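The values are calculated or read from the model by the stated rules, or taken from the named source; none is laboratory data. Because the structure is a prediction, the values reported are computed rather than measured. In this analysis, Cβ positions are derived from the backbone assuming ideal geometry, glycine residues included, and neighbour counts consider all displayed protein chains.
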Amino acid sequence: MSRLVNDCFANSEDMISAQEALKRINNAVDQSVGTEKCALANSANRVLAETIYASRNVPPADNSAVDGFAFAYSDYEKEPQKFRKVVGRSAAGAPYQGQVSKEDTVKILTGAIMPKALDSVAMIEDVLVEDNEIQLPLGLKPGANCRKAGEDITQGNLLLEKGTFLRPQEVGYLASVGLSEVLVYRPVTIALFSTGDELLNPGSPEFEGSIFDSNRMILAAILRSFGCLVTDLGILKDQLEIVRPALLKASETHDLVITSGGVSMGDEDHVKNALLEIGELNFWRIAIKPGRPLALGKIGDAAFVGLPGNPIAAMVCCLKFVRPLVAALSGITQTAALSFQAHAAFSIRKKHGRTEWLRGHYTAAPQSIGNVEKFLTDGSGVLSSMIWANGLIELGDDVIEVNQGDLVTFLPFSELMR
Ligand code: AMP
Ligand code: MG
C-alpha cells in the first residue's frame with residue numbers, strides 16, 4: 001500500500017512559499033513506514049510506534065534519598081534531641097526485615113526501602129552516633145530525605161506517546177518501568193544516487209572536466225543523522241537507459257529514492273525523463289534561495305526527491321525539505337528543529353516574498369544575545385562556505401532588509417542534522 005497520498009506532489013504552477021511547501025510535504029504522507037519490535041537496549045534514536053502507560057509506580061516503594069538514619073517524625077516532633085536506639089539496617093536491595101517502633105531508628109542507605117512506621121531520614125553527616133544510639137539534629141522537616149513511592153511515575157499514567165523520538169532519557173524512562181522491548185517504526189530506507197557524467201568517486205583517476213562527487217557523501221551523512229538506512233548507489237551517468245532502470249529497481253526496495261543533479265532543464269538532465277516513464281515527477285516552484293524548482297515524485301510506492309546538483313543547494317534543500325518528509329515517513333510527531341535569535345553582524349537587502357537561507361557563523365556573547373555573521377558571497381557552489389558556517393540564517397518572506405544589529409533567526413547545523 002502506498003504511503004503517499006494520490007497526487008500528493010501535484011505540480012505547483014504558481015510560486016508557493018516555503019511554509020506552503022512544508023505543509024504540502026506533511027500532507028503528502030499518508031502513512032508512516034511499518035513497525036517492528038525492538039529490544040529497549042537498542043531503541044535509542046528510534047521512534048516509538050505505541051503509546052505507553054505506566055504499568056507500575058516508580059519508585060515502587062518509599063525509599064531514602066541519602067545515607068543516614070530513618071526515624072518517625074511524629075516522635076521526633078515531641079522530643080527532637082533524645083537519644084534513639086538503632087535497631088537495624090536497610091540497604092538498597094536489602095531492606096530491613098524486622099519490626100521497628102516509632103521511638104527507634106534504622107540505619108538506612110540511599111535507595112533503601114523505608115522501614116514501616118518510619119517516614120523521615122536524617123543525613124549521616126548531621127547525626128551524632130554513640131555506640132548503638134544516635135542523636136538527631138534540630139530542624140528536620142516531616143518526610144525529610146524520603147522519596148515517595150510513585151513520585152516519578154504513577155501507575156496508570158501516560159508515559160510516552162506514539163511518535164516520540166527516543167532519546168537516551170526516554171530509553172531509561174521505559175527501562176524504569178521494567179520494559180525490555182518496545183514497538184518502534186522501522187527506519188526509513190533511502191536509495192541515494194548522484195547523477196552526472198562529470199562526477200567521480202574520490203580515489204578514482206581524473207579525466208578532463210571531471211569533478212569529485214561531494215553531494216553523496218554529504219547527503220548520506222545527513223540522512224543517516226536523521227536515522228535513515230541509506231543505500232549508497234553511486235553515480236549515474238547522464239543516460240536515460242542507465243538512469244531509468246536504476247531508479248526503478250531502487251524504488252522497489254526503498255521508501256524514498258533521492259538523487260542530486262540532473263533535474264534542471266539542461267540537455268543531460270535525464271532524471272526528469274526517466275521519472276516520466278516509470279513514475280511521476282513534478283516540480284514545485286518555491287520562493288526560496290538557494291533553490292530552483294524542487295523535484296518531487298513517486299516511483300511505485302516509493303517517494304522520490306530530486307535535489308539540485310549544486311552542493312549548497314542540495315544540502316539546504318535536504319535539511320529544509322527532505323528532513324520533514326523523512327520525519328513524516330518515520331512516524332515522528334515532534335519535528336521542529338530548535339532555532340534562536342541572534343544579532344546580525346551584517347546588512348543586506350532582500351527580495352520580499354521569498355525565504356532565504358544564508359550560511360551563518362554564530363558566536364555566543366557572554367550574558368547577551370550572540371552575533372551571527374554571514375558568508376561573504378552567496379555563490380551556491382562553494383562548499384568552503386559550509387565549512388566556515390555553523391548554521392543557517394533564515395530570513396522569512398516578509399523581510400526586505402537586515403541591518404547590522406537586527407535580530408535574525410539562526411538554525412544551528414547541530415539541530416538540523418539529527
Ligand atoms: P546539474 O543539476 O546536474 O546540472 O548540476 C548543477 C551543478 O552541480 C553542476 O556544476 C554539477 O557539476 C554540480 N554537481 C552535480 N552533482 C554534483 C555532485 N554529486 N557533487 C558535486 N557537484 C555536483
Ligand atoms: Mg548534471
Next item on the list: Name the residue, out of ILE393, ILE400, ILE348, that is under 22 Å from the mean Cα position of the chain (by Cα) and not assigned by TED's automatic domain parsing to the domain that holds ILE286.
Entry: ILE393
Checklist line | Cβ-Cβ under 6 Å pairs, at least 6 apart or on other chains, segment 190-206 side of a type in the set (A, V, I, L, M, F, W, C), far side assigned to a loop (DSSP other than H, G, I, E, B) and within 10 Å of ligand 1 (Cβ to nearest atom) | finding: LEU199/ASP213; LEU200/SER210
Next item on the list: Would you be able to tell me the number of residues in segment 377-390 that are part of a loop (DSSP other than H, G, I, E, B) and either aliphatic (A, V, I, L, M) or under 21 Å from the mean Cα position of the chain (by Cα) (or both)?
Entry: 4
Margin query: Cβ-Cβ under 8 Å, sequence separation 6+ or interchain: first residue in segment 382-397 and without any contact (Cβ under 8 Å) to a residue 60 or more places away in the chain, partner part of a helix (DSSP H, G or I) and among the small types (Gly, Ala, Ser). Which pairs?
Written below: ASN390/SER414; GLY391/SER414
Item checked: Residues located in segment 244-275, provided they are at pLDDT below 95 and not small (Gly, Ala, Ser) -> VAL263, MET265, ASP267, GLU268, ASP269, HIS270, VAL271, LYS272, ASN273, LEU275
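Do you know which residues across segment 253-269 are more than 28 Å from the chain's Cα centre (by Cα) and either more than 10 Å from ligand 1 (Cβ to nearest atom) or surrounded by fewer than 18 Cβ atoms within 10 Å (Cβ to Cβ) (or both)?
Selection gives SER264, MET265, GLY266, ASP267, GLU268.
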Margin query: Just the residues that are at pLDDT 95 or above and either among the acidic types (Asp, Glu) or part of a loop (DSSP other than H, G, I, E, B) (or both), please, taken from segment 131-144.
Written below: GLU133, LEU136, PRO137, LEU138, GLY139, LEU140, LYS141, PRO142, GLY143, ALA144
Margin query: For segment 17-94, give me every one of the strands (runs of 3 or more DSSP E) that falls completely inside it and has 1 or more residues that are in contact with a Leu (Cβ under 6 Å, 6 or more places away or on another chain).
Written below: 35-39, 68-71
Next item on the list: Within segment 11-26, identify whether any single residue is modelled with pLDDT under 85, outside the structural domain of LEU109 (by TED's automatic domain parsing) and closer than 21 Å to VAL257 by Cα, and answer yes or no.
Entry: yes
Item checked: Failed criterion for GLU208 (all others in (1) away from ligand 2 (no atom under 15 Å from the Cβ); (2) under 24 Å from LEU319 (Cα atoms) hold) -> (2)
Note to self: I'd like the full set of residues that are without any contact (Cβ under 8 Å) to a residue 40 or more places away in the chain and either on the phi > 0 side of the Ramachandran plot or in contact with a strand residue (DSSP E or B) (Cβ under 8 Å, 6 or more places away or on another chain) (or both), limited to segment 292-326.
What the structure shows: PRO293, ALA295, CYS317
Item checked: Of all residues in segment 220-252 being within 16 Å of ligand 1 (Cβ to nearest atom) and under 14 Å from PHE304 (Cβ atoms), the one that is nearest to the chain's Cα centre (by Cα) -> LEU233
Item checked: Count - residues of segment 188-198 that are surrounded by 18 or more Cβ atoms within 10 Å (Cβ to Cβ) and within 12 Å of ligand 2 (Cβ to nearest atom) -> 4
Checklist line | Members of segment 199-226 that are buried (at least 19 other Cβ atoms within 10 Å of the Cβ), part of a loop (DSSP other than H, G, I, E, B) and in contact with a helix residue (DSSP H, G or I) (Cβ under 8 Å, 6 or more places away or on another chain) | finding: PHE226
Next item on the list: From (1) in contact (Cβ under 8 Å) with a residue 40 or more places away in the chain; (2) closer than 26 Å to GLN334 by Cα; (3) surrounded by fewer than 17 Cβ atoms within 10 Å (Cβ to Cβ), pick out the condition that doesn't hold for ALA61.
Entry: (2)
Next item on the list: Output the qualifying pairs, or none if there are none: Cβ atoms under 8 angstrom, residues six or more apart or on different chains, first residue in segment 210-234 and among the charged types (D, E, K, R), second residue part of a helix (DSSP H, G or I) and modelled with pLDDT of 95 or more.
Entry: ASP232/ARG216; ASP232/ALA220
Checklist line | Odd one out for ALA364, checked against (1) touching a helix residue (DSSP H, G or I) at 6+ places or on another chain (Cβ under 9 Å); (2) in the same structural domain as GLN404 (by TED's automatic domain parsing); (3) away from ligand 2 (no atom under 16 Å from the Cβ) | finding: (1)
Notebook entry, point to check: Of the residues ALA336, ALA364, which single one is under 30 Å from GLU50 (Cα atoms), without any contact (Cβ under 8 Å) to a residue 24 or more places away in the chain and not basic (Lys, Arg)?
Noted result: ALA336
